[in-house]
Structures are given as C-alpha cells and as structure tokens.
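Beneath this line is the structure, given in structure tokens, with notes to follow.
What follows is calculated from the coordinates using simple rules that are stated; it is not laboratory data. Please read these numbers as outputs of a predicted model, since none were measured by experiment. Cβ: placed from backbone, ideal geometry, glycine included. Neighbour counts: every protein chain shown.
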Amino acid sequence: MKNKLFSIVIAFIFIFALIACGSTSNSLNNSDKAVNSDSATITVAARDGSHSDVINAVKSAFEQSHNCQIKIVSLSAEDIHDNAIADSGNDIGQYDVIMIDDPLMPEYIEKDILCNLTQLGYIDDEDFVEKSRLLGKDPYPLGATYALPFSGNVQLIFYNKELLGDSPDLSNWESILQTCLKVKASGNDGYAIRGQTGNPIVSDFLPILWAFGGDIFDENNNVVLDSSESRDALSFYCDLKETGSNYDKNALIDAVTSGKASIALGWPSWFISENGSSAEIAQIPGKKDSSSVVLSTGEIGNWLLGITTNSANKELSLELIKYLTSESVQRQALSFGGIPTRKSIFRDKEILKEYPFFDAIYLGTNNSRVRPRTTKWSKIEDVFGAELVKCLNNEQSIDQTIVNSQKAIELLKNE
C-alpha cells in the first residue's frame, strides 16, 4: 500500500514538472515572439537583379546585430523612380531606403524625397572613389551628403577580340570609325548603336558629343546644344550607325559577345559577372581624331543608397546603408558581379588578379564626367532622345535635329 501511494506521489510530481516545463517553454517562445514583433522593419526599394541579390545575401548579419527585419522590394529603375515620388506624399513612407540612379539626385532632392545624411551625423568616408562619393552630394559636388555609392558603373568601350585583334587602335573616334568600316566590309556589324528613344540613345551619343567639344549646357546652365560641334558629332554618330546596326541592350550585349558586332559603348554591369568579362574593355576616347585635344567623355553612372525623408527609422536606416556600402559587403558583392566604389578594393592586388578588368573601370571612373545636374534630366532625355531617333531613322536632317532639340530643352529648362 505504501509502495502504491509512493508511486502515485511520484507520478503527480512528474506530471507537475512536465506542465511547469511546458509553461516555461511557452513563456520563452512567447518572449521570442514579443522581441520579433517589437523589432523594426526597414524596407528597401532596390534595383532588381544582382543589386537585390547582394542585399538579400548579406542582410541577415545586419538583422541579427540590430534586432530588425530588412524587407527588399525588387523593382525596375523606372518603378523605383515612380514609386518613390508617389510615396513621398505620405506622412510615413512605404520605403525607408531607396536605390538611386545618380542623374536623378537633383530631382529627388528638389521634391524633398531624400534625407540629409550630413544632418543625421554622417561623416564622409574617404575610402570611396572621389567621383563616386561626390555623386551623393547636393549642391554637387561640395554640398551635404544625401546618398552613398552602392555600386560603381562607368561607360566604357566593349569589343570583340576575335574581330578586332589583340590591340586595336581605339585612341580616337576617327580610328574607331575606320576600324568599324573594315569590319563591315568583312561581313559583320562594325559599331553597335543603342538607338532607342530616351536614356538609351542619349547615353550612347553623349560621349561622342563631348569628344567633339559639344555639350548640352555650359557652366552657367545655358543650353548650348545648337553648335557646329554638336552637328559634327551627330553627323559622325550617323556614320557609325551605317557600319553596324541598332540594338537594344540585351541584343547589343549578345552581338558584341558572340562576334556579330565588333564594338559598342556599354556599362561594366552588362558584360561582367562572377565569371569575368564577356568582352574586352577599353577607355572611351576623349579625342575626335589623332590631333584633337583630350576631353573627358565616359559617363559615370553609379547606383546610390539614400534614406527617405518620411522614413520612420532614419537612424537605423543610416546604419544599414553604411553597412551595405562597406568594404566587407562590397567584397562579398564581387561574387554577384558587383562593381566596387571603394579605393581599397580597386587597389587590392589579390582582387586585381581575379578581376584584372577593375583597372580599366577604376581609370574610367577617375576620368569620367557626370551627366548634367538638373531636376529635368529624365525629361530632357525623353525629348532629346526622340529627336535623335528621328535623325537616325532619316526622318529629319542633322540640322533640324539639333535646332529642335535646343528648343525643346530650353522649354523644359524654363518651365
């Protein structure tokens, strides 16, 4: 009887212990849930593709160290722009961090979309390549900092070695034209034009315009496109087009890579992946011909990270963009085809052994020039691009194209 009573008591103690443990376990689980529910969520509007992939790959370390969640919204460049503007009217923004195509900086700042990082206590990081670092400032180039350079990019020449050989003369534009004419005579496309209206054709034409001494604006922001230099540059651009064909971005990449076309202007992120570069790389010439003076011609085109003015988590967002543009993250981004914006990476001898083309990108970045800093740039690309396309399609003369473009840009400037 005593043994039976003892067994019953032990059983009750065991059951009570199980209940207590279960209660403790539930309390711990509930506590974990409470921590997670209280943690901040940072929403990032990121460029779709490799840029979003990089952030997704590295975000967990930041989430753990800062007890937060990072939500990535992958969007096209156009959708980031349109959504950011639409969201800026809300008291609390949908996005805390947005990825920025650098020519859009003046528009974003005029519309009060971006937070002043200098006022948040940010101190400039001198390890960034200067040309990249200054893109995030307003007024450009010596104002306050509004954005940090996440991914580098600069226009370069990409060419097919099988068609042009080991050391083609790409030192001036006249030499490039003669090279393309020879390729055309052999049965392949010489120059691959990216001649779609808007940004594509304007970006494709600007380096030639600059090399010929032309420009859209002067130092006082006057429209100066209507010039003999602009006419000569456009005439030359039409001559280049006759040696090849008009391609969209993906077809252009494929044409140069496969040998269908010999040469094109492009951006490193088009041709470079974790497997290296699919085409040979050269600097865009700053000379019209062998006797011309050298001018800066390659467009810089970095993707930046900024914080929205209506973010509810500005301080944490600042820590996030500092992390995402850090040296350690940029090193990890290399395996996704990322282009660095830091001198320490461009100068790393071990990295250069694996990515020898970084020398050309670093040189191109240091010799680059920014597109005009105006809040109307996206509209200017639209109207100027439309006129250029008409000229390429033989719908209007070179002279009429320049005259029409000058008038259209002046109207936009004076709106």
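Structure notes:
- When Rg and Dmax of the Cα atoms in Å is calculated for this entry, the matching label among (i) 21.5, 67; (ii) 25.4, 81; (iii) 27.3, 116 is (iii).
- Computed from phi, the 3J(HN,Hα) profile of region 91-108 under the Karplus parametrisation 6.51, -1.76, 1.60 (θ = phi - 60°) reads 4, 10, x, 6, 10, 8, 10, 10, 8, 10, 6, 4, x, 8, 3, x, 5, 4 Hz, with x in place of Gly and Pro.
- Other residues lying with their Cβ under 12 Å from the Cβ of Ser368 contribute a combined charge of 0, Lys and Arg counting +1, Asp and Glu -1.
- Cα gyration tensor shape for region 182-234, rounded if a/c is under 1.5, else prolate or oblate: prolate
- Long-range amide H partners of Thr341 with built H, under 5 Å: Gly152
- Projecting the Cα atoms of Tyr323, Phe384, Leu363 onto the dipole axis of region 319-403, where Lys and Arg carry +1 and Asp and Glu carry -1 at the beta carbon, places Tyr323 farthest toward the positive end.
- Taking Trp377, Trp173 and counting other C-beta atoms within 10 Å, the order from fewest to most: Trp377, Trp173
- Dividing the summed -39500 (n - 2.57) terms of all DSSP H runs of n ≥ 4 by the residue count of the chain sets its mean residue ellipticity at 222 nm at -15000 deg cm²/dmol.
- Part-to-part distance (alpha-carbon centres) for region 84-137 and region 261-287, which is given in Å: 29
- Cβ-to-Cβ counts within 10 Å put Phe150, Phe212 in ascending order as Phe212, Phe150, the fewest first.
- Per-residue Cβ neighbour counts within 10 Å put His51, His66 in the sequence His66, His51, beginning with the fewest.
- Seen from Leu134, the other residues with C-beta closer than 13 Å to its C-beta sum to a net charge of -1, counting Lys and Arg as +1 and Asp and Glu as -1.
- For region 50-66, Karplus couplings with θ = phi - 60° (6.51, -1.76, 1.60), whole Hz, Gly/Pro x: 5, 5, 5, 4, 4, 5, 4, 6, 10, 5, 4, 4, 5, 4, 5, 6, 10
- In loop segments of region 315-369 as defined by DSSP, the trypsin sites (Lys or Arg not before Pro) with at most 16 further C-beta atoms inside 10 Å of their C-beta are Arg347.
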